[in-house]
Amino acid sequence: MTVSALDRKIAWFVASIITIILCIVALVSFVNAPARTISYGDSVANVCFEPYPDFTAGKTRYASGADPKKCRLYLERVSTDEARAKGLSGRKELSINYGMLFEFDAAGTHCMWMKSMNIPIDMIWVNEEKRIVKIEANVSPSTYPASFCNTDSSAQYVIETNAKVAESLGLKVGQQVTF
């Protein structure tokens, strides 16, 4: 029994339809994942964390926005010394809505640097009460080996995003962050 050209076309068409359906199912599953709300005080930035796997050991990626149409940030959470030391180093680019959440075991003075960085970023320090205590905007890779620290106020978290994201979201010192 031979397979005709028509049979091959039908098989290709069916395989294509199945692939499209699987892609749609995967997309709908991602978009409808449950989220926990985070908000930046009175600003327009409603941020929600929804964990989904990252292929880097020890990290979890978080998407923002309870409504996927309002997603503004995707944050990788890092909480080990090794992961915090590496941070965003070595990345050639960072999508406008991507960043990293550095979690420290205790509040205190936490210094950040631009070692092996290729892109400018905003650094946002958040205290244990989840209030923004410092914003260092548009920090250039050329500033290395300088360190940027929250010397005036204690912080337990630092968020790093693309440069000018803090300004575009209207983030200000004193705003409440809940997560």
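All of the numbers you see were taken from the coordinates with simple rules; none came from a lab. Everything numeric in this text was worked out from a predicted model, so none of it was measured. All Cβ positions, even for glycine, are placed from backbone atoms using ideal geometry, and neighbour counts span all protein chains on display.
Each label point is 7 Å from the Cα along the Cα-to-Cβ direction; what then is the distance between the points at Phe13 and Asn97, in nm?
Distance between label points: 3.6 nm.
From the phi of every residue in the stretch 147-152, what ³J(HN,Hα) in whole Hz does the Karplus formula 6.51 cos²θ - 1.76 cosθ + 1.60 yield, where θ is phi - 60° and glycine or proline is x?
My calculation for the stretch 147-152 gives 10, 10, 10, 8, 6, 8 Hz in order.
Return the sequence-ordered ³J(HN,Hα) values of the stretch 130-140 in whole Hz as given by the Karplus equation 6.51 cos²θ - 1.76 cosθ + 1.60 applied to θ = phi - 60°, using x for Gly and Pro.
Working through the residues one at a time gives 6, 10, 5, 10, 7, 10, 10, 8, 6, 7, 8 Hz.
What are the ³J(HN,Hα) couplings of the stretch 88-104, residue after residue, when phi is run through the Karplus curve with 6.51, -1.76, 1.60 and θ = phi - 60°? Round to Hz, x for glycine and proline.
Result, rounded to whole Hz: 8, 4, x, 6, 7, 7, 9, 3, 4, 9, 10, x, 9, 10, 8, 10, 10.
Please list, ordered by chain and number, the residues whose modelled amide H lies under 5 Å from the amide H of Ala163; skip anything fewer than 5 residues away on the same chain.
Ile121, Asp122
If one puts a single equal scatterer on every Cα of the stretch 69-168 and applies the Debye formula without solvent, what log₁₀ I(q)/I(0) results at q = 0.11, 0.12, 0.20 Å⁻¹?
Per q value, in the given order, log10 I(q)/I(0) is -0.28, -0.34, -1.00.
Ala137: net charge of surrounding residues, Cβ under 10 Å, Lys/Arg +1, Asp/Glu -1, itself excluded?
Local charge sum for Ala137: -2.
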